[in-house]
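The values are calculated or read from the model by the stated rules, or taken from the named source; none is laboratory data. This is a predicted model, so every value here is computed, not measured. Cβ sites come from the backbone with ideal geometry, for glycine too, and all protein chains shown count toward neighbours. Side chains are part of the model used for accessible areas, which takes the heavy atoms of the whole protein and leaves out ligands, DNA and RNA. Shrake-Rupley method; radii C 1.70, N 1.55, O 1.52, S 1.80 Å.
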Amino acid sequence: MTAIANHFSYWATLFIAIAGLYIVIARGNLVKKLVGLAIFQTSVYLLYIAPGKLIGGTAPIIADKFAVYSNPLPHVLILTAIVVGVATLALGLAIVVRIKEAYGTIEEDEILAQEQPALQQTADNKM
Amino acid sequence: MTPEATILLAIAVPAVGMGLIAAAHRMPDLREAITLATAGLLSVLVASLTPLVLDGARPGVTVFEMMPGLALRFEVEPLGMLFGLVASGLWIVNSLYSIGYMRGNEEKHQTRFYVCFAGALAATMGIAFAGNLLTLFLFYEALTLITYPLVTHHVTPGAVRAGRLYLGLLVGTSIVFLLVAIIWTWQLAGTIDFTPGGILGGEVPNATVGVLLALYVFGVGKAAVMPVHRWLPAAMVAPTPVSALLHAVAVVKAGVFSVLKIVIYVFGVEATAGVKSVDWLPFMAGFTIIAASIVALRADNLKRRLAYSTVSQLSYVVLAAALLTPLSVIGAALHIAAHALGKITLFFAAGAIYTAAHKTEVSQLDGIGRRMPWTMGAFTVGALSMIGLPPAAGFVSKWYILQGAMATGQWNAVAVVVASTLLNAGYFLPIVYRAFFVAPPDDGHRAHGEAPFTMVAALTLTAAGTVALFFFPDVPLALARQLAGG
Amino acid sequence: MRSWRRSNLPFSKPPITRCNILISQNYPILHVVVPLIAAPLMVLLRHGGFAWLLAAVASWSSLAVSAALLAEVAGGGVISYAIGSWAPPWGIEYRIDSVNAFLLVLVSLIASVVVIYCRESVEAEVAPEQHYLFYTMYVLCLAGLLGIAATGDGFNLFVFLEISSLSSYVLIALGRDRRALVASYQYLIMGTIGATFIVIGVGLLFLMTGTLNLADMAARLREVTDTRPILAALAFLTVGISLKLALFPLHLWLPNAYAYAPSAVTAFLAATATKVSLYVLLRFYYSVFGESAVFIAHPTSDILLVLSLAAMFIASTVAIFQDNIKRLFAYSSVAQIGYITLGVSFDSLTGLTAAIVHLFNHALTKGAIFLLLGGIALRLGAVRFQDIGGIARVMPLTSFGIVLAGLSLIGVPGTVGFVSKWYLVLAAIESGAWWLALLIVLSSLLAVIYVWRFVEAAYFQVPSASVSRLREAPLSMLVPAWLMVAACLYFGLDASLTLSGASQAAAELLPGSR
């Protein structure tokens, strides 16, 4: 039990990461895949931020009353990571829109059916 | 002109010739004049080096360093000198012949033919004068690639198939075996320069020497030791001048030359003489000699018979090298020259028969000697040389090989040489007999005479050369002796 | 954490720390900043022609700066540049040594050559109103790749990785074929998973060491080498980077992406993107984790060896059976990446030299091939075997260039491929694995087959009516492509420059080489 309780944030991270990856792999809908990808990336945010917080710690402003500070750096890093994640999602959705225009569908198997046999190989190794 | 410059020019002249020939593609006469001029200039250049080498000099030039410690280096030693002389000298004759053949048969893509031919000669010179294994390998591969368009000259499905076999076997063996062998040598010896006495020295374990030798012998696919000989008969789809120069002189001789050079300058004749792990080579070479002769005996197509005869004769050189005695090495070197002259004569004759009479099979040749006396006369001289009878050059080289074998008591080798001599006689003499003593069939022969003049002139010249080499073997012999001495 | 610790960096060589007064002192960042600034300018100008000019200027100036940097560190020095004058390990450090200077020159060189080629190729393959966007993405991709190479900071590396990746997804999606969209989407998914794995790995390292500066991280890792988070970080980084560099079997995104992207993009990405990822792998393995932690404590060598061999044989075999020539050479790229990782797997100075020199050599070779194929795509509209029969008669220079570069793939002496192969085989023999030497050369025979498929199609078939109407590719495309071909031959004959660079880089990565 203690192993779970002491590393609670890591277990949460792990769960989110695996859930996200599962969606990416298991879903054939291109938008759902992107959602899974976003969830997967979210786990990283937790991975970085959670250890930076110390219980009772404050923002790192030097003042007499405080002796314990939380590390602000992970927050800064994750701000950047969030921007990257949003950009990825936006670009992914834009490509899906274009795919919808070109193929009339956003279901992976229907797209592959239209591209037989050119993309057959990738169908066999579905992401 | 310094010898160094001469060496570089010997490679540059045919290379520049390629460009000039290509530039003159609209003017066939000029193009062929350039070919002849280039060939002439080249053989003068090569010949000018001969006195130096005979005096014991070893002119060399390092062009630049390709990789750290590995330079592109040329060095002229007696064996390379001999090979260079043979190849450059025969190019002139072959060019004369080509002009007659290509025009007589109205072949297409003649410019490409002459360009690739000049390129092949540049590569051959590079092989002959290579100062280390890297340079040798570079030009060896270049020769394969530049001759590929010649083999596939007719662009028929058959030619493309033959091209695949040619390229696949030669590039395949050289990359898989030869390259690994070279890198291994470099790793073992720390050098890959050709050095008299060999570079592998005493430290290398005996078993390794045997494996290395196998990698080298089968890596040099151009030497056509069985079972990597299949490309040679396949390549006979090429026009006859290609078969003549490339598959009697440049390509195959580059192969056995490389084997001989590697045995002498990498392994070292004396250093390797006692090593048990190399004993398999004479057997392999002996087997190739006999087996190829038997195949030749059964071949009805004239060029195919000549091709298998070549496979067999090449292994004489390998066998002689494998005997690892000074006398047999002299024989091996001489055989490169003797076989080149004899075999080119035979191919020339085959091409002349094809051009004049459009005959390709041995069984069609009844009585042809009466209509083409010069051609078949030359053919007879070439055949004598192959068998090893006086007064043809083949006798001299065989003599030395036999002496070497007897001196060291390698009676198996003696038996092989004797048996193959009988077989050679068995597949060449019937042709001569048919041509001169069997009456021509009444309907078979159209009225034809000799082939075009340049072709007959060429084959007469090489036949004369074959005889001359028997009576005056001084220069090749002197070069070969230096080889055994040093 | 990271900011809270004192650091006494045990630098192997005292880095030259710089103030920011003269332009030349800002070189270590200039080559990244110039294309990064050019990108928004292009969006503001919205003009294809200007955008091209700007892209060309940005690429060439990056090349000039990179060359200057290489010259400076060639003697074995290290340049440390603190961004915003925040001293490392607190601030972001750019750290140039002979390893990444070599790579910077390679990437900016390829970019400079390809940008000339872009003019005509993009004109034909991309809609006119998208031209300026194409060049925007092109310079962003360049900035990202150069940034990855130059930075000495783990998180900064991730950011640049994403900049280059996002822009390359867009570039691929600009391909004419609608399959380009699917390929780009595929690449986006796999690339993002890879990048996220990398950032997880960096995060774990950050948690254990409290620093993001790679050099600092390396120093602090020694105390915690054998802990489980570090092992997890190694695993995450290995998988993530392998995805980006298309190590077999994580290469599935690559063939489609290369096959359907615009020609110029294929050439640029094939020559640079996977190579930069390889650099990241080397950097993490040797400079951060340290050779012993990666290769001695864990069976990394064996894993890399098996995967590399699988790549060399399986990808080459798959390549033989492709109908689309771009796809064929894309699979060949997967195989060639196998050669590079094979060199890494030897974990020796020779092996590493082979890997680095092949990284350079393969970039030249593949760059040349894809540029020339672009010429065929431009004239013919397709690059499938059934369409190109007899094309050598109408496009002799293009075809002959592909043959020459193909010879380099095979490893014929006189081409760069030979130099790589020489060192690779030497490394195999040195490590006593003669069977491996034979496998290396055997796999190059597969290259003979697929290159000769092109030769026979281009030279031995009678041109169809549509082929015989074609003309040779335009000069502005032929010249850059042939520059690459010439480089393939030049560096194949005189390899002293590339080899000395590679062996110095290898020595830098493997100090006290055994």
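Residue count for the stretch B:332-375 under the criterion of being in a loop (DSSP other than H, G, I, E, B) and farther than 20 Å from B:Thr462 by Cα: the result is 6.
Taking the listed residues B:Ile387, B:Ile401, B:Ile344, B:Ile353, the one that is touching a Lys or Arg at 6+ places or on another chain (Cβ under 7 Å) and surrounded by 17 or more Cβ atoms within 10 Å (Cβ to Cβ) is B:Ile353, with no other qualifying.
Within the stretch A:1-30, the set of residues being under 12 Å from the mean Cα position of the chain (by Cα), of a type in the set (Gly, Ala, Ser) and closer than 25 Å to A:Ile99 by Cβ comprises A:Ala19, A:Gly20. Among the residues of the stretch A:69-83, those that are touching a residue at least 24 places away in the same chain (Cβ under 8 Å) and either open to solvent by less than 50 Å² (accessible area, probe 1.4 Å) or at the interface with chain C (Cβ under 8 Å from one of its Cβ atoms) (or both) comprise A:Pro74, A:Leu77, A:Ile78, A:Ala81. If the condition is being in contact (Cβ under 8 Å) with a residue 24 or more places away in the chain and either under 13 Å from B:Leu82 (Cα atoms) or among the hydroxyl-bearing types (Ser, Thr, Tyr) (or both), then the stretch B:31-51 contributes B:Thr35, B:Thr38, B:Ser43, B:Val46, B:Ala47, B:Ser48, B:Leu49, B:Thr50. Within the stretch A:67-90, the residues that satisfy the criterion of being in a helix (DSSP H, G or I) and over 14 Å from the mean Cα position of the chain (by Cα) are A:Leu73, A:Pro74, A:His75, A:Val76, A:Leu77. Find all pairs meeting these conditions: Cβ atoms under 6 angstrom apart; at least six residues apart or on different chains; first residue within the stretch B:54-73 and more than 7 Å from chain C (Cβ to nearest Cβ) and under 16 Å from B:Phe194 (Cα atoms); second residue surrounded by fewer than 17 Cβ atoms within 10 Å (Cβ to Cβ) and among the basic types (Lys, Arg). Note: no pairs meet the criteria. Considering the conditions (1) facing chain C (nearest Cβ under 8 Å); (2) open to solvent by less than 20 Å² (accessible area, probe 1.4 Å), A:Thr13 is excluded by exactly one of them, (1). Residues that are in contact (Cβ under 8 Å) with a residue 12 or more places away in the chain, more than 8 Å from chain B (Cβ to nearest Cβ) and on the phi > 0 side of the Ramachandran plot within the stretch C:391-449 are absent altogether. If the condition is being assigned to a helix (DSSP H, G or I), touching a Lys or Arg at 6+ places or on another chain (Cβ under 9 Å) and either touching a residue at least 40 places away in the same chain (Cβ under 8 Å) or open to solvent by less than 10 Å² (accessible area, probe 1.4 Å) (or both), then the stretch B:138-165 contributes B:Tyr140, B:Leu143, B:Thr144, B:Leu150, B:Leu165.
The number of residues in the stretch C:457-509 that are in contact (Cβ under 8 Å) with a residue 12 or more places away in the chain and of a type in the set (Asp, Glu) comes to 2.
Would you point out which residue out of B:Gly465, B:Gly449 is in a loop (DSSP other than H, G, I, E, B) and among the small types (Gly, Ala, Ser)?
B:Gly449
For the stretch B:230-241, state whether one or more residues are open to solvent by less than 10 Å² (accessible area, probe 1.4 Å), within 21 Å of B:Ile175 (Cβ to Cβ) and among the hydroxyl-bearing types (Ser, Thr, Tyr). So far as the stretch B:230-241 goes, no, none of its residues is open to solvent by less than 10 Å² (accessible area, probe 1.4 Å), within 21 Å of B:Ile175 (Cβ to Cβ) and among the hydroxyl-bearing types (Ser, Thr, Tyr). The number of residues in the stretch B:31-71 that are open to solvent by less than 20 Å² (accessible area, probe 1.4 Å), over 23 Å from the mean Cα position of the chain (by Cα) and farther than 18 Å from B:Tyr265 by Cα comes to 4. Scan the stretch B:279-293 for residues that are under 25 Å from B:Trp231 (Cβ atoms) and of a type outside the set (S, T, N, Q) and jot them down. Those that are under 25 Å from B:Trp231 (Cβ atoms) and of a type outside the set (S, T, N, Q): B:Trp280, B:Leu281, B:Pro282, B:Phe283, B:Met284, B:Ala285, B:Gly286, B:Phe287, B:Ile289, B:Ile290, B:Ala291, B:Ala292.
C:Ser468 meets each of the listed conditions (1) under 20 Å from B:Met67 (Cα atoms); (2) open to solvent by 40 Å² or more (accessible area, probe 1.4 Å); (3) away from chain B (no Cβ under 14 Å) apart from (1). Going through (1) facing another protein chain (nearest Cβ under 9 Å); (2) within 21 Å of B:Ala235 (Cα to Cα) one by one, B:Val220 falls short only on (1).
With respect to C:Arg119, is the statement that it is touching a strand residue (DSSP E or B) at 6+ places or on another chain (Cβ under 6 Å), farther than 19 Å from A:Val84 by Cβ and open to solvent by 10 Å² or more (accessible area, probe 1.4 Å) true? It is false that C:Arg119 is touching a strand residue (DSSP E or B) at 6+ places or on another chain (Cβ under 6 Å), farther than 19 Å from A:Val84 by Cβ and open to solvent by 10 Å² or more (accessible area, probe 1.4 Å). Count of the stretch B:72-92 residues, restricted to those that are open to solvent by 20 Å² or more (accessible area, probe 1.4 Å) and either in a loop (DSSP other than H, G, I, E, B) or farther than 23 Å from B:Val317 by Cα (or both), is 2. Reported count of residues in the stretch B:404-441, each being surrounded by 14 or more Cβ atoms within 10 Å (Cβ to Cβ) and more than 20 Å from B:Leu341 (Cβ to Cβ), is 17. Based on what the data block shows, is C:Val455 in a helix (DSSP H, G or I) and open to solvent by less than 30 Å² (accessible area, probe 1.4 Å)? Against the criterion (in a helix (DSSP H, G or I) and open to solvent by less than 30 Å² (accessible area, probe 1.4 Å)), C:Val455 qualifies.
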